[in-house]
Amino acid sequence: MITAASNSRIRRLVQLNQKPKLRREEGVFVTEGVRMFLEAPPEKLREVYVSERFLERCGCRERLEAVGYEVVADSLFAKISDTCTPQGILCVVEQQEWRMEDMLKKEAPLLLLLENIQDPGNLGTMLRTGEGAGIDGVIASPDTADLYNPKVIRSTMGSIYRVPYVRTADFGAALEALQRAGIEIHAAHLKGSRDYTCSDYTKGCAFLIGNEGNGLTEESAGRVGSHVRIPMAGQVESLNAAAASAVLLYEAARQRRETNQ
C-alpha cells in the first residue's frame, strides 16, 4: 500500500493531472471512476490505483485482479484525484493514435470539425454526443482544448475510448484535404443563409463548429461553401457550441436513418 505523499508515483500522478506536456511525453492520460475503468480497453491500461475503502466494497475485484492494481491510503487518494468526491479508483491509460485517413475509409463518413473550442466540458460533451449520433471521427484545430484534460475525460463518459480524434497542426490544410476527398463541409454560422434542416447530410459530410465566444475564424469560414444556421426564437442569439453540434449531428443521423429504411 502507498501511504506516503512523497512517494514518486503519487507525485507523478498529480503532475499527469496538471501538466499536458507530461501527458504528451508519456503518451498517457489519467481517468477516474468505475465506469471509466470497466470501459477502458485492457490493452491500454497502464496502471490502476484504488483506495482502501474502495477495495473493501468494490464489485469489480475480478477485473482488478486480472489487470493488476496498487492500493493507496484513503488519506492520500484525494491528493491524486481531480474530483471533489473521488470514487476511489484511478487509471493511467495509454493514449490512442488516430489518423484522418482512417476516418475516411467508411462510405459517406460523418465528421465533426472543431476550431478553437476552449471549454473542456464542451469538448467532452461533443465527443459523447458524436458517438451517440454515429460520427466517424472528430478533427480539431491545434488551439482546441487538450483532449486529455481531466475535465474533458469526465465529460466524454467513456466515448474517448471509442471516438477517433485527430488534433491537426494545420487546420486549413485538413479542411482542404477533406474537400478533395469529397466531404461536404457545413459551417455552423450566425450569418448562414440556409436553415440547417434544408441541407442533405446523407452523403459524406462534416460539421464545422467554432469557438464558444467568437465563432469561426474568417479564414475557416471562407474555405467552406455551405453556411447553415439554427433558427432561434425569443431573444436567444445562438446555442452553446456543444448544443449546436448536437442539433446538427442528430439531424444528420435522422436523415441517414430514414434513407436506410
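The values are calculated or read from the model by the stated rules, or taken from the named source; none is laboratory data. Bear in mind the structure is a predicted one, so any value in this text is a computation, not a measurement. Every residue, glycine among them, receives a Cβ derived from its backbone with ideal geometry; neighbour counts consider all protein chains shown.
Observations on the structure shown:
- Counted residues, region 37-46 - those being part of a helix (DSSP H, G or I) and either over 17 Å from Val72 (Cβ atoms) or not assigned by TED's automatic domain parsing to the domain that holds Arg57 (or both): 5
- Selection over region 195-246 of residues that are closer than 13 Å to Met126 by Cβ and touching a Phe, Trp or Tyr at 6+ places or on another chain (Cβ under 9 Å) gives a count of 3.
- Cβ-Cβ contacts under 7 Å between residues 6 or more apart (or on different chains), taken from a first residue in region 15-29 that is closer than 17 Å to Lys79 by Cβ and of a type in the set (A, V, I, L, M, F, W, C) to a second residue that is surrounded by 14 or more Cβ atoms within 10 Å (Cβ to Cβ) and modelled with pLDDT under 95, are absent.
- Residue in region 38-54 that is surrounded by the most Cβ atoms within 10 Å (Cβ to Cβ), counting only those that are in contact with a Leu (Cβ under 8 Å, 6 or more places away or on another chain) and not hydroxyl-bearing (Ser, Thr, Tyr): Val50
- Residue match in region 82-93 (condition: touching a Gly at 6+ places or on another chain (Cβ under 8 Å), buried (at least 17 other Cβ atoms within 10 Å of the Cβ) and outside any helix (DSSP H, G or I)): yes
- Of all residues making up region 195-216, the number that are out of contact with any Ser or Thr (no Cβ under 7 Å at 6 or more places or on another chain) and assigned to a strand (DSSP E or B): 5
- Residue in region 13-34 that is assigned to a loop (DSSP other than H, G, I, E, B), surrounded by fewer than 18 Cβ atoms within 10 Å (Cβ to Cβ), aliphatic (A, V, I, L, M) and not assigned by TED's automatic domain parsing to the domain that holds Asp136 present: no
- Residue within region 124-138 that is in a strand (DSSP E or B), in contact with a strand residue (DSSP E or B) (Cβ under 7 Å, 6 or more places away or on another chain) and crowded, with 19+ Cβ neighbours inside 10 Å present: yes
- Residue within region 135-157 that is in contact with a Lys or Arg (Cβ under 6 Å, 6 or more places away or on another chain) and among the hydrophobic types (A, V, I, L, M, F, W, C) present: yes
- Residue that is nearest to the chain's Cα centre (by Cα) [pool: residues in region 188-219 that are farther than 14 Å from Leu112 by Cα and hydroxyl-bearing (Ser, Thr, Tyr)]: Thr217
One line per residue, one yes/no per condition, for (1) aromatic (Phe, Trp, Tyr); (2) closer than 22 Å to Lys151 by Cα; (3) at pLDDT 95 or above:
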residue: Arg11; (1), (2), (3): no, yes, yes
residue: Val50; (1), (2), (3): no, yes, yes
residue: Gly59; (1), (2), (3): no, no, no
residue: Val72; (1), (2), (3): no, no, yes
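- Taken together, the residues in region 140-182 that are without any contact (Cβ under 8 Å) to a residue 40 or more places away in the chain and part of a strand (DSSP E or B) amount to 2.
- Any hit, region 143-151, residues being buried (at least 17 other Cβ atoms within 10 Å of the Cβ) and in contact with a Phe, Trp or Tyr (Cβ under 7 Å, 6 or more places away or on another chain): yes
- All positions within region 167-186 that are in contact with a Lys or Arg (Cβ under 7 Å, 6 or more places away or on another chain) and within 16 Å of Ile135 (Cβ to Cβ): Glu184
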